[in-house]
Structures are given as C-alpha cells and as structure tokens.
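Chemist: I have a structure I would like to understand better, so I am pasting it below and will then ask my questions one at a time.
The values are calculated or read from the model by the stated rules, or taken from the named source; none is laboratory data. Given the structure is predicted, the values throughout are model-derived calculations rather than measurements. Please note: Cβ atoms are built from the backbone with ideal geometry, for glycine as well, and neighbour counts cover all protein chains shown. Areas reflect the complete protein model, heavy atoms only, side chains present, ligands, DNA and RNA absent. Shrake-Rupley method; radii C 1.70, N 1.55, O 1.52, S 1.80 Å.
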Amino acid sequence: WLHVNKSGQRFYVEVYTHHTVFEGSDARQVLIVNIDEKMRTEQILTEKAAELENILDSITDGFYALNHRWEVTFINKAAQQALSCTREEITGKNLWDFFPHSLEGRFYPEYNRAMTERVSLHFEELYAPLGVWGSMNVYPTRDGIAVYFVDITERKKIQEKIYNDGQNLRAIINNTRDLIWSVDRQSQIITGNNAFWNRVKELTGKSEGEVVEADFVQDR
C-alpha cells in the first residue's frame, strides 16, 4: 500500500490485519511495516531489467540465457527469428527438450563444458533441422550460461559454393591435355594440373614434391 503520512510524505507499507474480539466486540488488529526501501529497490531492479532486455532485443545478433537446469530464462528477438520460435514458447523450457537434435552436434558438449568448467568458449556449428549455422560464443554466468551467436548461414553457403566451384574447376583443368601451371614472383611453382606434372615426370623422372628448381634448366 502507498501510504501518505501527516506531513504528506509518500512511502510503501505492508499491511497485516487480523480479526479479533475486544471486550465483547468485533475488532481488527492491524500491523503496518514500512517497506519503502525494499519497494524502491525492486522498482529500480525492474527498470534495469527492462532496460537490459530492450538493449538485448535491439541487437541484430542472437542471445539467450540458460540456468543450471538448462531452462531458457531469456531470448532476444534475433535469436527467436533465427531459431524459429517465440519467447512465450521457449522461456522456462529445457533447451534440449525443445531442440532435441542439438544433442547430436557440438552444442551440448560445449555448453556443458562451459557450465561445469566455468570457461568461455567459441565454436561454429550447424543446427541441421533448421539449416542454420551459428558462430557461437558461450559465457558462464552465476546461474548458468549466456549464449551470444551470429547467424553465419549465408557465409557458409558462400564458402561451400566457392569450394564446389574450385572442385569443378580442378576437374576441368585436370581433364585437359594442355599443360597448365602457375608460378610466384620467384618462379617457384605454386600449382599445376595433371598434364603438367605428367610431363615433368617424363622429363625429370620425378613426381610432384620431388622436383627442385635445378630440374628446370633452359634446354628443357
């Protein structure tokens, strides 16, 4: 109850009442405790928590917190979007029950290590059911762990495409009879195709890795 005393000062009180009988008449015994300092502190903490939540929701990368029972205590908007869930659905739920396939990858071993050894960790992993790659940063907290992650799915797709394109290019280069090779500024061989190394072996009798600069002289 917000109480106002005779001087006009406002402060919070906690009121306890108890029915009794006094000299044959119904009466009520009342005890009032000043809890203003406690209420003001709780109000400040609530405001700070709301401010922190607003900050975490404003960042574009994912963040969520787990307690020691692996229950989600907070998740920001970016993490909800990346993981295709809502705050209402997942808060208070066991992470491994909500995302059971997480147990198949590095998530559980790394999270458990951060939880038990109280160490900060970084790793990259794919959550296959959603096709989402995350660059994960895990930090121990007083009651569990906090997870900050960046969705790197597009980066991984680009890397995979570059790798596949490179493999296709190597296949094309190695299937031609033309000699193809590259050298650096010091005329050291960087790479060559199969036709090139086959020709080098015909001339020197040496395989790739055995050839030295002295094997390449002007008359050859």
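Chemist: Specify which of the listed residues (Val150, Val138) is surrounded by 16 or more Cβ atoms within 10 Å (Cβ to Cβ), touching a residue at least 60 places away in the same chain (Cβ under 8 Å) and within 30 Å of Leu83 (Cα to Cα).
Modeler: Just a single option satisfies the conditions, and that option is Val150.
Here is a yes/no grid of residues against (1) aliphatic (A, V, I, L, M); (2) open to solvent by 60 Å² or more (accessible area, probe 1.4 Å); (3) within 23 Å of Glu51 (Cβ to Cβ); (4) over 15 Å from the mean Cα position of the chain (by Cα):
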{"residue": "Val72", "(1), (2), (3), (4)": "yes, no, yes, no"}
{"residue": "Ser84", "(1), (2), (3), (4)": "no, yes, no, no"}
{"residue": "Glu88", "(1), (2), (3), (4)": "no, yes, yes, yes"}
{"residue": "Ser102", "(1), (2), (3), (4)": "no, no, no, no"}
{"residue": "Glu110", "(1), (2), (3), (4)": "no, no, no, no"}
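Chemist: Same structure again: What is the one condition in (1) touching a helix residue (DSSP H, G or I) at 6+ places or on another chain (Cβ under 8 Å); (2) within 30 Å of Tyr12 (Cα to Cα); (3) not aliphatic (A, V, I, L, M) that Glu47 does not satisfy?
Modeler: (1)
Chemist: Continuing with the same structure: Which of the residues spanning the range 90-100 are in a helix (DSSP H, G or I) and open to solvent by 30 Å² or more (accessible area, probe 1.4 Å)?
Modeler: Residues of the range 90-100 that are in a helix (DSSP H, G or I), as a first pass: 90, 95-98, 100.
Within the range 90-100, Asp97, Phe98, Pro100 qualify.
Chemist: Filtering the range 147-199 down to residues that are within 30 Å of Thr60 (Cβ to Cβ) and among the hydroxyl-bearing types (Ser, Thr, Tyr), which residue is modelled with the lowest pLDDT?
Modeler: So, considering only residues that are within 30 Å of Thr60 (Cβ to Cβ) and among the hydroxyl-bearing types (Ser, Thr, Tyr), the one modelled with the lowest pLDDT is Tyr163.
Chemist: For a quick check of your reading of the model, give me the residue pairs whose first member lies in the range 58-84 and is farther than 24 Å from Pro109 by Cβ, whose second is assigned to a helix (DSSP H, G or I), with beta-carbon atoms closer than 7 Å and at least 6 apart or on different chains.
Modeler: Ile59/Ala78; Thr60/Ala78; Asn76/Leu56; Asn76/Asp57; Lys77/Asp57; Gln80/Arg87
Chemist: From Trp133, Trp96, grab the single residue that is out of contact with any strand residue (DSSP E or B) (no Cβ under 9 Å at 6 or more places or on another chain) and free of Cβ contacts under 8 Å to residues at least 40 places away in the same chain.
Modeler: The unique qualifying residue is Trp96.
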